[in-house]
Amino acid sequence: MNIDAIETGIVVPTLGTRPEYLEQCLLSIRDAGGAFINIVTPSVDALVAQLNPNLYDVITSDPGGGLSNAINVGIRTLPEHLQFVNWLGDDDLLTPNAIALATSTLRQNPRTVLVYGGCRYINGNGDLLWNNKSGSYAKFLMRCGPQLIPQPGALFRRSAFEQIGGLQAKYKWAFDLDMLIRLSRFGNLQYIHQTLASFRWHEGSLSVGGREGSVREASDIRVAALPRSLRRISPLWEKPLRKIILNAGNRVTRRNE
């Protein structure tokens, strides 16, 4: 692969404890279009010995400090010429040509800072649970309702990510929502009518296993983004909204049992 001709970088943060998922993840990135793959892990030597070197381009040591910090380090250490970036969980998948589609959209729309599409929710075996078809409305809904922009499969401008200072390490689960809100201040979040990724819904997933914490953290992020005049009365809608979102996630979990 000619790295100089590549425009996109994908960071894959992993503990290295799910090798069967990790290999599927990396293969899906290769099939999604030209991308430089940077694996960030505390288990560098183990992964070097374990993985086919054709599945990645570099492995970076995770300095600690949480998932958001690992992603920040991964993006920061990508080759400087890469313009478009994202991360992908080691148990998630991209669809064929997803990167090519997203990259083309960003290249053709200079005012767009992030592209997103639909996402399949699958169980540990890869069976379909449901489709998140999302839509253009999701970029407005995320400020006052559930976050329906699928981070897996999305692609954003590295320059915009750097402008917002990267991910905020104080968030453990919902740092993608915080990023999306801050990115939206620098340009358009554009939806394309394509399914770009599969999110694996299982208890080993950080956002699934920590569902209650994730819902609570997302609520805090939404409230922090409100005008000060509305923050005092936000419990009027945030409290019932948290219950609705949590119940929706529980329904997906029951479907997976």
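Surrounded by 15 or more Cβ atoms within 10 Å (Cβ to Cβ) and either acidic (D, E) or closer than 15 Å to A154 by Cβ (or both): which single residue out of D45, D4, D62, D31 fits that description? It would help to see each step written out before you state the result.
Numbers: D45 fails: surrounded by 15 or more Cβ atoms within 10 Å (Cβ to Cβ); D4 fails: surrounded by 15 or more Cβ atoms within 10 Å (Cβ to Cβ); D31 fails: surrounded by 15 or more Cβ atoms within 10 Å (Cβ to Cβ).
Exactly one of D45, D4, D62, D31 is surrounded by 15 or more Cβ atoms within 10 Å (Cβ to Cβ) and either acidic (D, E) or closer than 15 Å to A154 by Cβ (or both), namely D62.
Report yes if E80 is over 14 Å from the mean Cα position of the chain (by Cα) and either over 18 Å from E162 (Cα atoms) or part of a helix (DSSP H, G or I) (or both), otherwise no.
Numbers: over 14 Å from the mean Cα position of the chain (by Cα): yes; either over 18 Å from E162 (Cα atoms) or part of a helix (DSSP H, G or I) (or both): no.
For E80, the condition - over 14 Å from the mean Cα position of the chain (by Cα) and either over 18 Å from E162 (Cα atoms) or part of a helix (DSSP H, G or I) (or both) - is not met.
I want to confirm something. Restricting to region 77-100 and keeping residues that are closer than 14 Å to I6 by Cα and hydrophobic (A, V, I, L, M, F, W, C), which single residue is surrounded by the fewest Cβ atoms within 10 Å (Cβ to Cβ)? In this case the residue turns out to be A100. Of all residues in region 61-77, those satisfying the criterion of being under 24 Å from W201 (Cβ atoms) and assigned to a helix (DSSP H, G or I) are L67, S68, A70, I71, G74.
Sub-6 Å Cβ pairs linking a first residue in region 138-161 that is free of Cβ contacts under 8 Å to residues at least 40 places away in the same chain to a second residue that is part of a loop (DSSP other than H, G, I, E, B), at least 6 apart or interchain, are L148/S134, ordered by first then second residue.
So which residues in region 165-179 are touching an Asp or Glu at 6+ places or on another chain (Cβ under 8 Å) and free of Cβ contacts under 8 Å to residues at least 60 places away in the same chain, if there are any at all? Break it down into steps so the answer makes sense when it comes.
If we filter region 165-179 for residues that are touching an Asp or Glu at 6+ places or on another chain (Cβ under 8 Å), which is where we start, we get 167-168, 171-174.
Correct list: W173, A174.
Quick one: would you say S68 is of a type in the set (S, T, Y) and at pLDDT below 95? No. Selection over region 2-60 of residues that are of a type in the set (D, E, K, R) and outside any helix (DSSP H, G or I) gives a count of 3.
A Cβ distance below 7 Å, combined with a sequence gap of six or more or placement on separate chains, defines the contacts here; from region 6-26, residues that are in contact (Cβ under 8 Å) with a residue 12 or more places away in the chain reach residues that are part of a loop (DSSP other than H, G, I, E, B) and of a type in the set (S, T, N, Q) in the pairs E7/Q83; L15/S43; G16/S43; L22/T14. The residue list I39, I6 contains one member that is at pLDDT below 95 and touching a Phe, Trp or Tyr at 6+ places or on another chain (Cβ under 8 Å), which is I6. For region 208-246, filtered to residues that are basic (K, R) and part of a helix (DSSP H, G or I), the residue that is nearest to L177 (Cα to Cα) is R222. Here L177, L189, L106, L196 are screened, and the one residue that is in contact with a Pro (Cβ under 8 Å, 6 or more places away or on another chain) and modelled with pLDDT of 95 or more is L196.
Of everything in region 83-126, what is of a type in the set (S, T, Y) and not in a helix (DSSP H, G or I)? Give them in sequence order. Write out each step before concluding.
Start the filter on region 83-126 by keeping residues that are of a type in the set (S, T, Y), which leaves 95, 103-105, 112, 116, 121.
Of everything in region 83-126, those that are of a type in the set (S, T, Y) and not in a helix (DSSP H, G or I) turn out to be T95, T112, Y116, Y121.
With the condition kept exactly as written, say whether any residue in region 68-76 is in contact with a strand residue (DSSP E or B) (Cβ under 8 Å, 6 or more places away or on another chain), of a type outside the set (A, V, I, L, M, F, W, C) and surrounded by 18 or more Cβ atoms within 10 Å (Cβ to Cβ).
Step one: of region 68-76, the residues in contact with a strand residue (DSSP E or B) (Cβ under 8 Å, 6 or more places away or on another chain) are 70-71, 73-75.
In the following step, the residues that additionally are of a type outside the set (A, V, I, L, M, F, W, C) were identified as 74.
The next check asks that each one be surrounded by 18 or more Cβ atoms within 10 Å (Cβ to Cβ); those that pass are 74.
Yes, because at least one residue in region 68-76 is in contact with a strand residue (DSSP E or B) (Cβ under 8 Å, 6 or more places away or on another chain), of a type outside the set (A, V, I, L, M, F, W, C) and surrounded by 18 or more Cβ atoms within 10 Å (Cβ to Cβ).
Kindly provide the set of residues from region 8-20 that are in contact with a Ser or Thr (Cβ under 9 Å, 6 or more places away or on another chain) and surrounded by fewer than 21 Cβ atoms within 10 Å (Cβ to Cβ), ordered by number.
L15, G16, T17
Return the residue satisfying two criteria in turn: it lies in region 107-160 and is within 14 Å of the chain's Cα centre (by Cα) and among the hydroxyl-bearing types (S, T, Y), and of such residues it is farthest from I192 (Cα to Cα). The qualifying residue farthest from I192 (Cα to Cα) is Y121.
Per-residue answers, yes or no, for (1) in contact with a Lys or Arg (Cβ under 8 Å, 6 or more places away or on another chain); (2) over 21 Å from I10 (Cβ atoms); (3) crowded, with 20+ Cβ neighbours inside 10 Å:
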{"position": "Q108", "(1), (2), (3)": "no, no, no"}
{"position": "G118", "(1), (2), (3)": "yes, no, no"}
{"position": "W130", "(1), (2), (3)": "yes, yes, no"}
{"position": "F140", "(1), (2), (3)": "no, yes, no"}
{"position": "K170", "(1), (2), (3)": "no, yes, no"}
{"position": "M179", "(1), (2), (3)": "no, no, yes"}
{"position": "R185", "(1), (2), (3)": "no, yes, no"}
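The values are calculated or read from the model by the stated rules, or taken from the named source; none is laboratory data. Every value quoted in this text rests on a predicted model; they were computed, and no experiment measured them. Backbone-built Cβ (ideal geometry, glycine too); neighbour counts: all protein chains shown.
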